[in-house]
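The values are calculated or read from the model by the stated rules, or taken from the named source; none is laboratory data. As the structure is a prediction and not an experimental result, all values here were calculated from the model. Backbone-built Cβ (ideal geometry, glycine too); neighbour counts: all protein chains shown. Each accessible area value is taken on the protein alone, full model and side chains, heavy atoms only, with ligands, DNA and RNA left out. Shrake-Rupley method; radii C 1.70, N 1.55, O 1.52, S 1.80 Å.
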Amino acid sequence: MTTVSVITGAGGMGVPTARNLGTDHHIVLFDNSQDRLDAAVAALDGIEVTTVLGDVTDRAAVDALFATATGIGPIASVVHTAGVSPSMGDAEFISRINALGTVNVDEALLALASGAVADGAAIVNVASMAAHLVPAELIPETLFPGALTDPDAFVAALLETYAPFPAEARSGFSYAVSKGFVKWYSSAQAERFTAAGIRIVSVSPGSVDTEMGRLEAESGAGAMVEGANVPRWGTAQEMADLFTYCVSDKAGYLTGTDILNDGGVVASMRARQG
């Protein structure tokens, strides 16, 4: 039987993840750029790939993604890499893509009939070390459940929490909060997914040598890397290998948690502050 791995984001981490998982599964790759999808297919020569053009903030498009995927075979894994960084838009844009995009993708999988999901299925949501660097009291977790009931009101409430910050700082703060949401969701909702036979985890990468990662180099990411326990940028392949492990049968006991894979940046910064 053909099983399917759905990967959102045809960028730096999505392509090596597709290459890893494509040895055992048909890959369904989702992105909002046809150019990126075409480039990914070319890079994945020899792997069975189906591409779907769409935006993670559009629930109808995400439902269509899963309709395409289940038409090929049961879904064994979802690796949700699609997201944006602080340099790529304003606070609302970042919040909608990173937080609501995660809800749309994961909830669409959860809504599928049981036969559409393979035994032992798993989701990896990509968070960020940024969520670990913001003081916990600044992450508005009390607002997070609203994303599941009233997405527009949820985003409006988030924007209110960003308002006291200087305009130039809001994108960066919204990025940390939105990735904090990904961490929270992957833990707080784990019981619901477990009831459906699906494991769910998040991975928080540090500074990764991808096109998006390098956009943040001038905003301080480069300096954090230099002071880390492993003083270099992470590679997209290193992240892809971790994602692949997390959705594999070898990680069958892993769910409801976040894995920080940042070369020791957070540990180094906390040690200096302590």
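Highlighted here are the helices (runs of 4 or more DSSP H) found entirely within region 122-216 that include at least 2 residues which are of a type in the set (Val, Ile, Thr): 151-162, 167-188. Taken as a whole, region 42-63 holds at least one residue that is over 18 Å from the mean Cα position of the chain (by Cα), farther than 29 Å from Glu160 by Cα, in contact (Cβ under 8 Å) with a residue 12 or more places away in the chain and in a helix (DSSP H, G or I). Among the conditions (1) crowded, with 19+ Cβ neighbours inside 10 Å; (2) without any contact (Cβ under 8 Å) to a residue 40 or more places away in the chain; (3) of a type in the set (S, T, N, Q), Thr149 misses just one, which is (1).
Restricted to region 180-200, and to residues there that are open to solvent by less than 40 Å² (accessible area, probe 1.4 Å) and among the hydroxyl-bearing types (Ser, Thr, Tyr), the residue that is nearest to Val79 (Cα to Cα) is Ser186. Taken over region 87-119, the criterion of being open to solvent by 10 Å² or more (accessible area, probe 1.4 Å) and more than 29 Å from Gly234 (Cα to Cα) is satisfied by Glu107, Leu110, Ala111, Leu112, Ala113, Ser114, Gly115, Ala116, Val117, Ala118, Asp119.
Which is in contact with a helix residue (DSSP H, G or I) (Cβ under 7 Å, 6 or more places away or on another chain), open to solvent by less than 10 Å² (accessible area, probe 1.4 Å), within 16 Å of His80 (Cα to Cα) and among the β-branched types (Val, Ile, Thr), of Val203, Val155, Val177?
Val203
The set of residues from region 64-79 being more than 13 Å from Ala10 (Cβ to Cβ), part of a strand (DSSP E or B) and of a type in the set (A, V, I, L, M, F, W, C) comprises Ile75, Ala76, Val78.
Selection of region 231-252 for residues being open to solvent by 30 Å² or more (accessible area, probe 1.4 Å), assigned to a loop (DSSP other than H, G, I, E, B) and of a type outside the set (Ser, Thr, Tyr) yields Pro231, Arg232, Trp233, Gly252.
Checking each residue in region 249-274 for being within 13 Å of Leu133 (Cβ to Cβ), in contact (Cβ under 8 Å) with a residue 60 or more places away in the chain and of a type in the set (A, V, I, L, M, F, W, C) picks out Leu260, Val265, Val266, Met269. Within region 230-248, is even one residue farther than 14 Å from Ser128 by Cα, over 19 Å from the mean Cα position of the chain (by Cα) and modelled with pLDDT of 65 or more? Checking region 230-248: at least one residue is farther than 14 Å from Ser128 by Cα, over 19 Å from the mean Cα position of the chain (by Cα) and modelled with pLDDT of 65 or more.
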